[in-house]
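Let me begin by presenting the structure, written as structure tokens, before commenting on it.
The values are calculated or read from the model by the stated rules, or taken from the named source; none is laboratory data. No experiment lies behind these values; they were computed from the predicted model shown. Positions of Cβ are backbone-derived with ideal geometry, glycine not excepted, and every protein chain shown enters the neighbour counts. Surface areas here come from the heavy atoms of the whole protein model, side chains and all, with no ligands, DNA or RNA. Shrake-Rupley method; radii C 1.70, N 1.55, O 1.52, S 1.80 Å.
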Amino acid sequence: MFTIGLESSCDETACAVLKDQKILSNIVASQTIHASYGGVIPELASRAHLHSFPEIVLNALDTAGISLEDIDLIAVTQTPGLIGALSVGVNFARGLSIGAKKQLIGVNHVEAHVYAATLSTQESIPFPALGLAVSGAHTTAFLMKDPLSYQLIGQSLDDAIGETFDKVARFLGLPYPGGRLLEELALKGDPDAFPFHAARVTGHNFSFSGLKTAVLYAIKGKNSSHATPLPELSGEEKSNLSASFQRAAFATIAQKIPTIVKEFSCKAILIGGGVANNRYFRNLLAQTTSLPLYFASPELCSDNAAMIAALGQDLFKTGKSSTNISPCARYHWQPALPS
Ligand code: KG4
Ligand code: ZN
């Protein structure tokens, strides 16, 4: 079965072609236009998707060595994300589906981030499992009774972890998106130089916005205001701030894992999303739990369409599909009940 995947929920225009679950092509065009603004400008993202899709889709088909006629299924991200950006992808996919008379399925982007971990292993993953999506827009914990079921255990009540990395990176003068560069700076720093910690919140939820403000105050001084300019920092100060922030950001996730695993009888942990690339995080999780860890491979961590095609195809085969699709900015998952 040949599946084409389309992704446009934020600032990556992506298209992938899969033969069954084998990735034949995986093309991602990251929009560079947002870097000078320090964050994604939704209107510019929509326009860039509209401009890029035709070329990206042709490129993905060409690289896979097949034509649109060979495709059996079109899978597209329909939720959650920037509504304008999602609308471009969904309508492009609809056009392809009507024009080429192909089946169409809508896919949840955050679930696909976690599902990407299943593509990155040959092992048979034991379930129930804890699924973690750690990305620029989401910090979400799921109970997965199987690879296609996603019930909500907890999520960030304010900023997402990747968003927090990008904001702190900005305070340190790093270009957007600064998560990876912050991790590099942290390698040379002392994680205990600043006593940062994330706010404690109810249940299995997370909060990162107070941690971000604590870093800002550590840089500007306690009585600073919005108007206080960011001071020049030495290389050592930047490294220490990065290492201390990174320790606190990941500690708040790691600390919750043993309780979640016990409460929901999890037998494995699946992790995806751009922040899952972080080596410190990978090592910390390995020290936190003895359960098998399944990380999405680096090319499938950040936004891509291979994860969309793969999840869409699996959903389609099991009949759990949503073929009546429309873009939706927010998605509310069913809460998980303890075992
Ligand atoms: O999954 P993704 O491509 O986009 C969303 O779905 O939001 O994740 C992008 C996020 C950005 O915030 C980026 O700074 C962060 O992932 N990121 C990292 C690392 N690599 C990417 N954050 C921390 N450490 C990294 N190594
Ligand atoms: Zn994403």
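Quick check: is even one residue across the stretch 195-202 within 13 Å of ligand 1 (Cβ to nearest atom) and touching a residue at least 24 places away in the same chain (Cβ under 8 Å)? Working first, answer last.
At the first step, the residues of the stretch 195-202 found to be within 13 Å of ligand 1 (Cβ to nearest atom) are none.
The answer is no, given that none of the residues of the stretch 195-202 is within 13 Å of ligand 1 (Cβ to nearest atom) and touching a residue at least 24 places away in the same chain (Cβ under 8 Å).
Which fully enclosed helices (runs of 4 or more DSSP H) of the stretch 91-192 have 2 or more residues being within 18 Å of Val261 (Cβ to Cβ)? Walk me through how you get there before you give the answer.
Details: elements: 109-119, 161-171, 179-187.
By residue number, 109-119.
Would you say Leu291 is hydrophobic (A, V, I, L, M, F, W, C), open to solvent by 20 Å² or more (accessible area, probe 1.4 Å), closer than 18 Å to Thr121 by Cα and in contact (Cβ under 8 Å) with a residue 24 or more places away in the chain?
yes
Would you check which residues across the stretch 193-228 are β-branched (Val, Ile, Thr), assigned to a loop (DSSP other than H, G, I, E, B) and open to solvent by less than 60 Å² (accessible area, probe 1.4 Å) and list them?
Val201, Thr228
Starting from residues that are under 12 Å from Ala141 (Cα atoms) and assigned to a helix (DSSP H, G or I), keep the ones in the stretch 256-276 and report whichever is farthest from ligand 2 (Cβ to nearest atom).
Only one residue tops the list, namely Val261.
For the stretch 277-300, enumerate the residues that are in contact with a strand residue (DSSP E or B) (Cβ under 7 Å, 6 or more places away or on another chain), away from ligand 1 (no atom under 12 Å from the Cβ) and assigned to a helix (DSSP H, G or I).
Leu285, Ala286
Is there any pair with a first residue in the stretch 69-98 that is more than 17 Å from Asn324 (Cβ to Cβ) and open to solvent by 20 Å² or more (accessible area, probe 1.4 Å) and a second that is among the small types (Gly, Ala, Ser) and not in a helix (DSSP H, G or I) whose Cβ atoms are under 6 Å apart and which are 6 or more apart or on different chains, and what are they?
Gly81/Ser9; Ile83/Ala329; Val88/Ser8
Could you tell me which residue of the stretch 17-44 is most open to solvent (accessible area, probe 1.4 Å), considering only residues that are more than 19 Å from Lys167 (Cα to Cα) and assigned to a helix (DSSP H, G or I)?
Taking the candidates together, the pick is Glu43.
Has the stretch 3-16 got at least one residue that is over 16 Å from the mean Cα position of the chain (by Cα) and outside any strand (DSSP E or B)?
No: zero hits.
Is it true that Cys328 is within 16 Å of ligand 2 (Cβ to nearest atom), open to solvent by 20 Å² or more (accessible area, probe 1.4 Å), under 28 Å from Cys10 (Cα atoms) and hydrophobic (A, V, I, L, M, F, W, C)?
Numbers: within 16 Å of ligand 2 (Cβ to nearest atom): yes; open to solvent by 20 Å² or more (accessible area, probe 1.4 Å): yes; under 28 Å from Cys10 (Cα atoms): yes; hydrophobic (A, V, I, L, M, F, W, C): yes.
It is true that Cys328 is within 16 Å of ligand 2 (Cβ to nearest atom), open to solvent by 20 Å² or more (accessible area, probe 1.4 Å), under 28 Å from Cys10 (Cα atoms) and hydrophobic (A, V, I, L, M, F, W, C).
If you take the residues in the stretch 104-146 that are at pLDDT 95 or above and polar (S, T, N, Q), which one is nearest to ligand 2 (Cβ to nearest atom)?
Checked the stretch 104-146; the qualifying residue nearest to ligand 2 (Cβ to nearest atom) is Ser135.
Mind checking whether some residue in the stretch 87-107 is out of contact with any Ser or Thr (no Cβ under 6 Å at 6 or more places or on another chain) and within 16 Å of ligand 1 (Cβ to nearest atom)?
The initial filter retains those residues of the stretch 87-107 that are out of contact with any Ser or Thr (no Cβ under 6 Å at 6 or more places or on another chain), namely 87, 90-103.
Right, trim to within 16 Å of ligand 1 (Cβ to nearest atom) and you get none.
Within the stretch 87-107, none of the residues are out of contact with any Ser or Thr (no Cβ under 6 Å at 6 or more places or on another chain) and within 16 Å of ligand 1 (Cβ to nearest atom).
Which one is most open to solvent (accessible area, probe 1.4 Å), of the residues in the stretch 161-176 that are in contact (Cβ under 8 Å) with a residue 60 or more places away in the chain and within 18 Å of Ala133 (Cα to Cα)?
It comes out as Asp166.
Given (1) within 16 Å of ligand 1 (Cβ to nearest atom); (2) closer than 19 Å to Ser135 by Cβ, identify the lone condition not met by Ser207.
Checking Ser207 against (1) within 16 Å of ligand 1 (Cβ to nearest atom); (2) closer than 19 Å to Ser135 by Cβ, the one that fails is (1).
Quick one: would you say Ala248 is more than 30 Å from Lys19 (Cβ to Cβ), among the small types (Gly, Ala, Ser) and in contact (Cβ under 8 Å) with a residue 40 or more places away in the chain?
Yes; evaluated as a whole, the condition is true for this residue.
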